[in-house]
Structures are given as C-alpha cells and as structure tokens.
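Peer 1: Before anything else, here's the structure in question.
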C-alpha cells in the first residue's frame with residue numbers, strides 16, 4: 001500500500017503543480033481524506049523534484065536561450081537584443097518575494113495554515129480571483145513586453161503560494177492576467193518561474209533529508225510518477241489556454257472547497 005500511495009501522490013503532485021488548483025492543498029487533503037500516514041517532508045520535496053525535471057525537459061530549448069543570453073548580457077554589460085536574457089533577469093526578480101515569504105512564514109505554512117477550513121477558503125478565494133482576472137482583463141501582452149513592475153507583480157503574487165490552497169501556478173497566472181498578459185504567456189512565465197522556486201525550496205528543505213529514503217521503491221516510483229504526470233499536465237495546459245478560459249479550474253476549486261467544509265463539519 002505504501003507504493004500505491006506514493007504513486008497516487010506522485011500523480012497528484014505532477015498534475016496539480018501546473019494546473020491552477022494547488023498541489024500543496026491536494027498533497028495535504030488526499031492523505032487527510034483517506035487517513036494515510038504522512039510520508040514526510042523529504043518525500044514531498046522529492047515529488048517536487050519530479051515536477052521540476054518535467055518542466056526542465058519541456059522548456060529545455062527555451063532555457064538554453066535564456067541562460068545563454070543572460071550570461072552573454074552579463075559579459076557584454078548590455079542586454080540590448082537579448083530578449084531571453086531579459087527574461088532570465090525577470091525570473092530572478094520574480095523569485096525573490098517568494099523566497100522571502102518562505103523564510104518568514106515557513107513555520108505557519110507547515111502548521112496553522114494546514115487547517116482544512118483555511119485550505120478550503122484559500123482554494124475558493126484565490127480561485128475566484130483567477131476567474132475575475134481571466135474575465136476582466138485585456139490579455140494582450142507577451143513576455144517581450146515585460147518590465148520590472150510586471151516581474152515584481154508576478155513575484156508578489158507567487159509569494160501567496162505559501163498558503164495551502166492558493167496554488168503557485170494559480171496565483172502567478174492570476175498576477176499575469178491582471179497585468180494584461182495573454183493566457184498562454186502568463187502560463188509560460190508561471191511554468192518558468194516554477195524552476196527557481198522549486199530549486200530554492202529543495203535547497204532550503206534539504207536539511208531535513210534522510211538519504212536512505214532515496215533507495216526505497218515507494219520513493220523512486222513517486223518521483224517517476226510525478227515526472228510523467230507533470231509532463232502530461234504541462235503539454236496539455238499550454239495547448240488548452242490558447243483557446244479556452246480557466247473557468248473549469250475555478251469551478252473545480254469552489255466545488256472542492258465545499259466538499260472539504262462538508263466533510264470537516266461532518267467528521
């Protein structure tokens with residue numbers, strides 16, 4: 001059963017990390033629903049590594065351009081004509097607020113914020129914000145239009161992802177839509193922004209790591225499942241947002257929050 005649970009959690013992590021529905025909430029809620037034993041922080045970090053590998057694979061060509069242009073701009077002291085290098089700078093800037101939030105509020109994120117009622121509130125509340133941003137904004141800008149204010153807006157939005165239920169993908173996409181970015185452009189930047197924050201979180205949490213865990217089958221299969229499901233989620237969503245809205249994800253979040261409240265009050 002431990003192997004089955006690990007693979008289920010890996011699948012859930014991979015899908016929900018990039019769908020705007022909150023992976024943190026689902027990784028907390030599924031064991032809560034089924035009374036599963038908590039597999040620990042190292043396992044949760046490892047599942048995120050699986051998702052990280054998926055996004056590195058999907059955006060490998062774009063990342064090569066970003067890294068090359070970034071260091072090329074540093075060497076020449078100019079980013080003129082290096083649009084991918086500018087994107088690298090904005091990714092760094094947009095990562096800083098979330099890193100600060102992690103240092104300041106980590107104990108709350110792993111403690112008091114994990115109350116089911118709060119998770120339900122964050123799911124529905126930030127879901128409705130996603131709906132408003134998707135329906136009420138111009139959605140005309142691309143990543144080439146990004147400036148410092150936009151990058152900081154994405155970054156501050158991402159900082160709210162420390163709240164279980166907010167959804168890192170959800171809040172960053174919401175932030176991008178409120179800054180009038182096209183759905184696919186906001187989603188692309190959200191995915192790229194996942195890379196430094198997952199790496200930063202992994203480095204921060206590695207102090208809790210028990211390396212013997214790596215050699216357990218349940219551990220390895222959870223990571224592999226996270227990678228595969230994340231790969232499918234990224235490819236699906238990048239195609240989906242070109243022609244369709246985020247409304248189905250918002251409806252799912254609201255329905256899930258109602259289910260959580262009902263179950264909480266019942267039990």
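The values are calculated or read from the model by the stated rules, or taken from the named source; none is laboratory data. Keep in mind it's a predicted model, so treat the numbers as computed, not measured. Here the Cβ is made from the backbone with ideal geometry for all residues, glycine too, and neighbour counts use every protein chain on show.
Peer 1: Only one of 174, 87, 95 is part of a helix (DSSP H, G or I), under 17 Å from residue 23 (Cα atoms) and in contact (Cβ under 8 Å) with a residue 40 or more places away in the chain. Can you tell me which? If you could, list the steps in order and put the result at the bottom.
Peer 2: Working: 87 fails: under 17 Å from residue 23 (Cα atoms); 95 fails: under 17 Å from residue 23 (Cα atoms).
Matching residue, one of 174, 87, 95: 174.
Peer 1: I would also like to ask the following. Within the group 50, 73, 111, which residue is over 18 Å from the mean Cα position of the chain (by Cα), modelled with pLDDT under 95 and buried (at least 19 other Cβ atoms within 10 Å of the Cβ)?
Peer 2: Working: 50 fails: over 18 Å from the mean Cα position of the chain (by Cα); 111 fails: buried (at least 19 other Cβ atoms within 10 Å of the Cβ).
Just one listed residue meets the conditions, 73.
Peer 1: Does residue 155 qualify as being more than 21 Å from residue 14 (Cα to Cα), touching a helix residue (DSSP H, G or I) at 6+ places or on another chain (Cβ under 9 Å), buried (at least 24 other Cβ atoms within 10 Å of the Cβ) and modelled with pLDDT of 90 or more? Can you show your working first?
Peer 2: On the way: more than 21 Å from residue 14 (Cα to Cα): yes; touching a helix residue (DSSP H, G or I) at 6+ places or on another chain (Cβ under 9 Å): yes; buried (at least 24 other Cβ atoms within 10 Å of the Cβ): yes; modelled with pLDDT of 90 or more: yes.
It is true that residue 155 is more than 21 Å from residue 14 (Cα to Cα), touching a helix residue (DSSP H, G or I) at 6+ places or on another chain (Cβ under 9 Å), buried (at least 24 other Cβ atoms within 10 Å of the Cβ) and modelled with pLDDT of 90 or more.
Peer 1: Within region 70-84, can you find the residues that are assigned to a helix (DSSP H, G or I) and touching a helix residue (DSSP H, G or I) at 6+ places or on another chain (Cβ under 9 Å)? Give the derivation first.
Peer 2: Going residue by residue through region 70-84, those that are assigned to a helix (DSSP H, G or I) are 70-76, 83-84.
70, 71, 72, 73, 74, 83, 84, listed by residue number.
Peer 1: Just to be sure before I move on: is residue 64 more than 21 Å from residue 187 (Cβ to Cβ), at pLDDT 85 or above and surrounded by fewer than 17 Cβ atoms within 10 Å (Cβ to Cβ) in the structure I sent? Steps first, answer last, please.
Peer 2: Working: more than 21 Å from residue 187 (Cβ to Cβ): no; at pLDDT 85 or above: yes; surrounded by fewer than 17 Cβ atoms within 10 Å (Cβ to Cβ): yes.
So residue 64 fails the test.
Peer 1: Give region 97-108 a look and list any residue that's touching a helix residue (DSSP H, G or I) at 6+ places or on another chain (Cβ under 6 Å) and either modelled with pLDDT under 90 or surrounded by fewer than 18 Cβ atoms within 10 Å (Cβ to Cβ) (or both), or say none.
Peer 2: In the first step, residues of region 97-108 are kept if they are touching a helix residue (DSSP H, G or I) at 6+ places or on another chain (Cβ under 6 Å); the result is 97-99, 101, 105.
Within region 97-108, 99, 101, 105 meet the criteria.
Peer 1: Further question: Provide a single number: the residues in region 17-30 that are touching a residue at least 24 places away in the same chain (Cβ under 8 Å) and either out of contact with any helix residue (DSSP H, G or I) (no Cβ under 7 Å at 6 or more places or on another chain) or in a helix (DSSP H, G or I) (or both).
Peer 2: Our first condition is that a residue be touching a residue at least 24 places away in the same chain (Cβ under 8 Å); within region 17-30, this holds for 17-25, 28-29.
Narrowing further to those that are either out of contact with any helix residue (DSSP H, G or I) (no Cβ under 7 Å at 6 or more places or on another chain) or in a helix (DSSP H, G or I) (or both): 17-18, 23-25, 28-29.
Number of matching residues: 7.
Peer 1: Here's another thing I want to ask about it. Looking at (1) farther than 23 Å from residue 146 by Cβ; (2) touching a helix residue (DSSP H, G or I) at 6+ places or on another chain (Cβ under 7 Å); (3) in contact (Cβ under 8 Å) with a residue 60 or more places away in the chain, which is the only condition residue 33 fails?
Peer 2: Looking at each condition in turn, residue 33 falls short on (2).
Peer 1: Right, here's the next one. Here is a list of conditions, (1) crowded, with 17+ Cβ neighbours inside 10 Å; (2) touching a residue at least 60 places away in the same chain (Cβ under 8 Å); (3) more than 19 Å from residue 17 (Cβ to Cβ), and residue 128 meets all of them except one; can you say which number that is?
Peer 2: Tallying (1) crowded, with 17+ Cβ neighbours inside 10 Å; (2) touching a residue at least 60 places away in the same chain (Cβ under 8 Å); (3) more than 19 Å from residue 17 (Cβ to Cβ), residue 128 fails exactly one: (1).
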